[in-house]
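To start, the structure itself, in structure tokens.
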Amino acid sequence: MHHFSYKNGTLHAEDVSLVTLAEKFGTPFYCYSTATLERHYQVLADAFGELDALICFAVKANSNQAVLATMAQMGSGMDVVSEGELRRARAAGVSADKIIFAGVGKTRDEIAFALKENILGFNVESEPELHALSDIASSLGVTANVALRVNPDVDAKTHEKISTGKAENKFGIPFERARELYAAARDLPGIEATGIHMHIGSQITDLDPFRHAFKLMRELVLALRLDGHVLHHLDIGGGLGVPYRGAIDEPPAPTEYAKVVSEAFGDLGLKIVLEPGRMIAGNAGVLVSRTLFSKREGKRTFTIVDGAMNDLLRPTLYEAHHDIWPVQERASDAPLIEQDLVGPVCETGDYLARGRALPSLAAGDLFAVMTAGAYGAVMASTYNSRPLVPEILVKGSSYAVVRPRQSYEQLLDLDQLPPWLS
């Protein structure tokens, strides 16, 4: 569910007209709904209410400070994968003891910074990382709480670029080596193995891969306890999908997911850590763009718009589908035209939708790219020297720019000439 709907024929974010925002701030822009962010967090929290659970929002999905602060006010922890994300979480008011540092390529400086912040713990992805963490923690005179990320070799049945739990993926340690590496961790100075971590992928719409992976994790918990390890938490990652195409890829309800988790781990006495990102932020945001021109070449209709792949990379990177809603509502019997919505960037891959049956979009018409609140603005770039677009947060009838449109002067000021060219 989200809080974008037509009111008097115009698409609104909660009680704010997207036409109003476009007229005031120009296009393209991202718009986020506070009510949707809060509802999605609360629905997940309620689903896991009978378990001892900590929800850590995945900052990589949407790192805008206003979004993170909204999550922090709801009581969320944070899952971070870089020092920059850790700094964002702390700046948004998240206490260090609710932050998990994940990621396959942590640098020594990042590890040291996180240790000095006294975060909740590290999800360790490899044996070399474990030894590096031991070395750095020992040199600082502190102890690092760790959970080894175990790769269960489970196919999440999702896009190959966001599948993370198979043997050929770069993430985690092999399931078969887990007990060996937990034994090694027990003997390392500056290390306390307090948990287990897994994450098998993103945009998962079938609970069976979770069931398979959870069965393996349960076996591992019991085996490690037999080995004498004292575990406090199990981090099951994120991955639950969102309905980019409505009922076609409708994910399971959080209550169904929580039931599967409870059946697998409810009797183990472990805190369950979750790392949702997309399922909270995805439907909470849209990208609003404007039509520039339309042209027909052979059998194809190209609708040229001011939003581009540098603003929203998902369609060309993942062949991702995002529903397109005209900002001005069309009649239910309005004729549909198969068209490609393409942007100004000089790449054939620069498109927001391809071969899509949509109402005719004339020059100046506004439309919203739906379900763009996750992996949208965070993956944007200034390719073709296009400034980053603004982000706007709505709450009821109020709205605020939470990241202003980058000016051309700011874009140019990022570069510096060497002395011989000055």
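Each value in this text was obtained by applying a stated rule to the coordinates, not by laboratory testing. Predicted model, so just to flag it, every value in this text is computed and none were measured. Here the Cβ positions follow ideal geometry from the backbone for every residue, glycine too, while neighbour counts run over all protein chains shown.
Once you reduce region 1-57 and region 315-367 to the center of their Cα atoms, the two points are 22 Å from each other. Charge dipole of region 34-279 (Cα centre as origin; +1 on each Lys and Arg Cβ, -1 on each Asp and Glu Cβ, all else neutral): 380 debye, rounded to the nearest 20.
The charge dipole of the chain, taken about its Cα centre with unit charges on the Cβ atoms of Lys, Arg (+1), Asp and Glu (-1) only, comes to about 620 debye.
Amide H to amide H, with H built 1.01 Å from N, A53 comes under 5 Å of I272, counting only residues 5 or more places away or on other chains.
Computed 3J(HN,Hα) for region 198-208, one whole-Hz value per residue from the Karplus formula 6.51 cos²θ - 1.76 cosθ + 1.60 where θ = phi - 60°, is 8, 7, 9, x, 10, 6, 8, 10, 10, 6, 4, glycine and proline marked x. Note on the chain: GNM, Cα springs under 10 Å; of L268, L411, L388, the largest mean-square fluctuation is that of L411.
When the Gaussian network model of the chain links Cα atoms closer than 10 Å, the mean-square fluctuations of F101, F122, F293 top out at F293.
On average, how much area does the Cα convex hull of region 34-279 cover when viewed from any direction, in nm²? Mean shadow area of the hull around the Cα atoms is 12.2 nm². Backbone geometry of region 370-385 corresponds, through the Karplus equation with coefficients 6.51, -1.76 and 1.60 at θ = phi - 60°, to 3J(HN,Hα) couplings of 7, 6, 10, x, 10, 6, x, 4, 5, 9, 6, 9, 9, 3, 6, 6 Hz, x marking Gly and Pro.
Neighbouring Cβ atoms within 10 Å as the yardstick, rank E297, E127 fewest first.
E297, E127
Convex hull volume per residue, computed on the Cα atoms of region 356-406, equals 157 Å³.
Packing, as the average of other Cβ atoms within 10 Å across residues, places the peptides 194-207, 223-236 in the order 194-207, 223-236, highest first. Here the 3J(HN,Hα) profile of region 310-326, calculated from phi with Karplus coefficients 6.51, -1.76 and 1.60 at θ = phi - 60°, is 6, 8, 9, 7, 3, x, 7, 6, 10, 6, 7, 9, 10, 4, 10, 10, x Hz, Gly and Pro shown as x.
Taking a 25 Å limit on the Cα-Cα distance, which of the listed pairs K60/K271; K106/K259; K60/K395; K60/K116; K215/K259 fall beyond it?
Checking Cα-Cα distances, K106/K259 exceed 25 Å.
Counting beta carbons within 10 Å around each of K395, K106, K215, K295 and listing the fewest first gives the order K295, K215, K395, K106.
Counting beta carbons within 10 Å around each of I100, I111 and listing the fewest first gives the order I111, I100.
Amide H contacts of L352 (H built 1.01 Å from N, in plane; Pro and chain starts excluded): L341, V342, G343 sit under 5 Å, all sequence-distant by 5 or more or on other chains. Comparing M78, M379, M370 in a Gaussian network model of the chain where C-alpha atoms under 10 Å apart are linked, the largest mean-square fluctuation is found at M379. For region 34-279, with the dipole built from +1 on Lys and Arg beta-carbon atoms and -1 on Asp and Glu ones, taken about the Cα centre, which of I119, L188, P152 lies farthest toward the positive end? Towards the positive end, the residue furthest out is I119.
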